[in-house]
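Enquirer: Quick one: the structure is below, and I'll ask about it shortly.
Bear in mind that the values in this text are calculations on the coordinates, not laboratory data. Nothing here was measured: the structure is a model prediction, and the numbers come from that model. For neighbour counting, all protein chains shown are included, and Cβ atoms are generated from backbone atoms with ideal geometry for every residue, glycine included.
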Amino acid sequence: MAQQIKLFSIAGLKPALVRTFKGGYSTADVGKDLIAGLTVGVVALPLAMAFAIGAGASPAQGLYTAIIAGFFIALLGGSRYQVSGPTGAFVVIIADVIARHGMDGLLTATLLAGLILVFLGVSGLGVLIKYIPYPVTVGFTTGIGAIIFVGQLKDLFGLAIPNLSPEFFGKLGQYAAYATTISPWAALLGLGTIGIILFVRKIAPRIPAAVTAILVVSLLAWALGLPVETIGSKYGAIPRGFPAPSLPALSLEKIREVFPSAVTIALLAAIESLLSAVVADGMTGDRHGSSMELVAQGVGNLLSALFGGIPATGAIARTATNIKAGARSPISGIMHAFVLLLFTLFLGPLASAIPLAALAGVLVVVAMDMSELPRFFNMRRAPRSDLVVMLVTFALTVVIDLTAAVEVGVLLAIFLFIKRMSETTNLNQIVALTPLGDASGVASDEWADAEARLRAPQGCEVYEIDGPFFFGVADMLQDAEREFEKPPVACILRMRRVPAIDATGLNALSSFAERARKQGTTLILTEVREQPREAMAKMGLDEEIGIQNIAPDLDGAYARVEALVAAHERAVLDRHGRPNLSTRTRS
């Protein structure tokens with residue numbers, strides 16, 4: 001059954017927390033949410049800092065985002081289990097915005113993205129996000145993974161590069177030029193982090209692998225006094241508390257500059273948060289409210305920007321961890337934010353000892369997870385057009401930027417969709433000017449058309465549109481008109497298999513009717529379905545064609561043709577006293 005999109009409806013804007021309390025919330029549920037919140041908070045701690053550092057922001061900004069956005073999205077969100085914060089998908093776009101427009105530009109883009117997300121949720125248009133084609137999502141997620149992976153090699157191996165290039169191939173060139181500056185200790189800690197994460201995942205999947213690896217590697221580096229760069233040596237101690245909320249320096253020029261990036265941030269946030277909510281629904285049997293979730297994501301990003309944070313969205317890995325830890329409601333997501341807040345207030349200085357190589361190792365694993373190379377390579381079995389869309393999106397993500405990749409990828413997918421839809425819609429000629437004399441021996445699936453030929457009055461042509469009549473197929477009528485050897489008395493257009501028509505299709509019908517009138521041919525429509533009939537009435541096309549020329553069935557259309565022929569013959573007799581069948585009638 002087709003899903004109907006309800007625009008600007010507040011019926012679905014009900015936070016999951018409200019539904020939780022209405023359905024009953026026990027003390028046992030409180031205990032399970034506290035444990036789940038503590039677990040996912042510990043998991044989120046290194047990720048929030050790692051994603052911020054990988055994007056070119058400070059670790060404190062990552063924590064601010066996880067706390068502020070994580071709290072308010074859980075409080076207002078449409079999913080009972082969603083955990084939100086900085087994610088790997090944003091690393092590339094954040095780094096690009098900071099490189100082009102500075103931190104003020106990023107904060108402005110995040111504010112705009114928040115407003116866009118709120119609009120998508122309130123308007124109901126957010127459900128359209130799920131129609132972004134699969135090849136586009138595979139292309140840009142794999143591209144993001146590749147960029148994150150390449151971007152972490154400097155810290156992973158401790159390369160002494162003074163200023164890392166923002167360009168993908170520029171980074172590769174610098175790595176080759178500075179290969180001799182590799183720090184053996186940084187490489188040992190970075191690769192060790194990757195190894196520990198993969199090992200823990202395999203033997204003890206319930207244990208948070210990233211947290212375990214960070215603890216082990218940090219303790220080892222501190223105990224041995226290894227000469228490696230840490231969070232403290234590069235960024236200083238994480239400040240206790242929060243900065244005062246403030247707006248970035250807004251200007252119309254700045255808004256224009258960052259608006260494309262804001263749209264990309266909003267789309268990524270919507271895609272990832274709704275995908276995460278769907279994953280949570282599949283794991284729990286619950287059902288999220290997509291509109292409320294998008295509104296909450298918008299509010300979370302707005303408030304994150306006010307406190308100097310970076311963009312946030314639903315995090316699939318943290319949401320899954322939350323569910324596996326026994327979460328029962330959005331309270332666990334709220335508790336996860338409180339865990340991070342307590343760390344920031346009281347244990348922030350401990351983060352200063354975390355080696356950057358360890359955080360780079362965490363991001364390398366994230367990049368490997370995001371890339372999902374089996375899906376990427378499996379696309380070679382897909383239709384060639386889909387493969388091309390994926391490869392173009394991937395290449396643009398890596399070479400240009402994510403904004404261009406998403407825009408071009410979606411545009412290519414739309415063009416391919418139009419092409420495929422136009423191929424599924426046909427205009428078939430059923431009856432030529434002279435009816436057939438015998439339908440014997442006709443296959444069963446052609447019997448109806450053969451019968452229509454037998455019953456057709458002389459001097460009319462019957463065409464049938466099979467499929468949606470929209471702008472991709474509107475020129476079919478013109479092609480049919482060119483095939484007329486001579487103008488018929490009437491042209492019957494059957495529309496029983498046309499479920500929908502758009503403005504271009506309506507205009508094509510109007511133009512076809514006008515040209516037919518000039519040639520002395522009457523256009524007769526038959527078996528018009530509900531949506532096309534209503535669309536024609538709104539545009540006044542039914543009156544332009546003539547209500548009498550819109551028949552409920554083929555018999556009615558044939559009767560109309562016979563009436564036209566009879567009226568014409570009477571008019572000819574009145575004028576000349578004898579019939580002249582070569583003259584064509586006008587409706």
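Enquirer: Are there any trypsin sites (Lys or Arg not before Pro) in segment 513-547 that are in a DSSP loop and have at most 16 other Cβ atoms within 10 Å? List them by number.
Expert: For trypsin sites (Lys or Arg not before Pro) across segment 513-547 that sit outside H, G, I, E and B with at most 16 neighbouring Cβ atoms in 10 Å, the list reads ARG529.
Enquirer: Let me ask another. Rounded, prolate or oblate: which fits segment 289-422 when a ≥ b ≥ c are the square roots of the eigenvalues of the alpha-carbon gyration tensor, with rounded for a/c under 1.5 and prolate only if a/b beats b/c?
Expert: Since a/c reaches 1.5 and a/b is larger than b/c, the shape of segment 289-422 is classed as prolate.
Enquirer: Counting only GluC sites (Glu not before Pro) that are in a DSSP loop and have at most 12 other C-beta atoms within 10 Å, tell me the longest site-free stretch of the chain.
Expert: 1-482
Enquirer: Quick check: residue separation of SER165 and SER233 times 0.36 nm, minus the Cα distance between them. What number comes out in nm?
Expert: The span from SER165 to SER233 would gain 22.3 nm if fully extended.
Enquirer: Convert each backbone phi in segment 267-276 into a coupling constant with the Karplus relation 6.51 cos²θ - 1.76 cosθ + 1.60 (shift: θ = phi - 60°), then list the ³J(HN,Hα) values in order as whole Hz, x for Gly and Pro.
Expert: Each residue of segment 267-276 in turn: 5, 4, 4, 5, 4, 5, 5, 5, 5, 4 Hz.
Enquirer: How large is the charge dipole for segment 47-203, taken about the Cα centre, if only the Cβ atoms of Lys, Arg (+1) and Asp, Glu (-1) carry charge, to the nearest 20 debye?
Expert: 400 debye
Enquirer: For segment 203-295, run through the trypsin sites (Lys or Arg not before Pro) and keep only the ones in DSSP coil with at most 15 other Cβ atoms within 10 Å of their Cβ.
Expert: ARG206, ARG240, ARG287
Enquirer: Counting DSSP beta bridges with both partners in the chain, what percentage is antiparallel, nearest 5?
Expert: For the chain, the DSSP antiparallel bridge percentage is about 35.
Enquirer: Would you mind checking LYS486/LYS538; LYS14/LYS324; LYS419/LYS518; LYS234/LYS254; LYS419/LYS486 for any pair whose Cα atoms are more than 27 angstrom apart?
Expert: In this structure, LYS486/LYS538; LYS419/LYS518; LYS234/LYS254; LYS419/LYS486 lie more than 27 Å apart at Cα.
Enquirer: In which sequence would ASP155, ASP401, ASP466 go, from the one with the fewest C-beta neighbours within 10 Å to the one with the most?
Expert: ASP466, ASP401, ASP155
Enquirer: If you don't mind, another one. Give, to the nearest whole percent, the P(r) tail of the chain beyond 30 angstrom, counting all Cα pairs.
Expert: 61 percent
Enquirer: Search the structure for amide H atoms under 5 Å from the amide H of ILE524, placed 1.01 Å from N in the peptide plane, and list their residues when 5 or more places away or on another chain.
Expert: CYS491, ILE492, LEU493
Enquirer: OK, next. For THR230, list long-range residues whose amide hydrogen, built 1.01 Å from N in the peptide plane, is under 5 Å from its own amide hydrogen.
Expert: LEU356
Enquirer: May I pose another question? What residues qualify as long-range amide H neighbours of SER79, i.e. H under 5 Å apart, gap of 5 or more or another chain, H built at 1.01 Å from N?
Expert: Result for SER79 returns ALA16, GLY289.
Enquirer: Round to the nearest 0.05 the FRET efficiency obtained for ALA395 and LEU347 when R0 = 56 Å and r is the Cβ-Cβ distance. Before the final figure, lay out each step's value.
Expert: Working: r = 43 Å, r/R0 = 0.77.
Efficiency computed from Cβ-Cβ geometry: 0.80.
Enquirer: When the Karplus curve 6.51 cos²θ - 1.76 cosθ + 1.60 is applied with θ = phi - 60°, which whole-Hz ³J(HN,Hα) does each residue of segment 153-163 get, with x for Gly and Pro?
Expert: After applying 6.51 cos²θ - 1.76 cosθ + 1.60, I find 5, 4, 6, 4, 10, x, 5, 8, 8, x, 9 Hz.
Enquirer: Take GLU372 and ALA559, extend 7 Å from each Cα along the Cα→Cβ direction, and tell me the distance between the two endpoints in nm.
Expert: Rounded to a tenth, the inter-label distance reads 5.8 nm.
Enquirer: Counting Lys and Arg as +1 and Asp and Glu as -1, each charge on the Cβ, what is the dipole of the chain about the Cα centre in debye, to the nearest 20?
Expert: It comes to approximately 1340 debye.
Enquirer: Follow-up question, since we're still on this one. Using only the alpha carbons of segment 345-426, determine the length spanned along each of the three principal axes and report them from longest to shortest in whole angstroms.
Expert: Dimensions of segment 345-426 along the principal axes of its Cα atoms: 69, 25, 24 Å.
Enquirer: Could you derive backbone 3J(HN,Hα) for segment 325-341 from the dihedral phi with the Karplus parameters 6.51, -1.76 and 1.60 (θ = phi - 60°), listing whole Hz in sequence and x where the residue is Gly or Pro?
Expert: 7, x, 4, 10, 6, x, 4, 5, x, 5, 5, 4, 5, 5, 4, 5, 5
Enquirer: Could you tell me whether segment 234-313 comes out rounded, prolate or oblate from its Cα gyration tensor? Rule is a ≥ b ≥ c as square roots of the eigenvalues, rounded for a/c under 1.5, then prolate if a/b exceeds b/c, otherwise oblate.
Expert: Details: a/c = 2.48, a/b = 1.49, b/c = 1.66.
Judged from the Cα gyration tensor, segment 234-313 comes out oblate (a/c at least 1.5, b/c at or above a/b).
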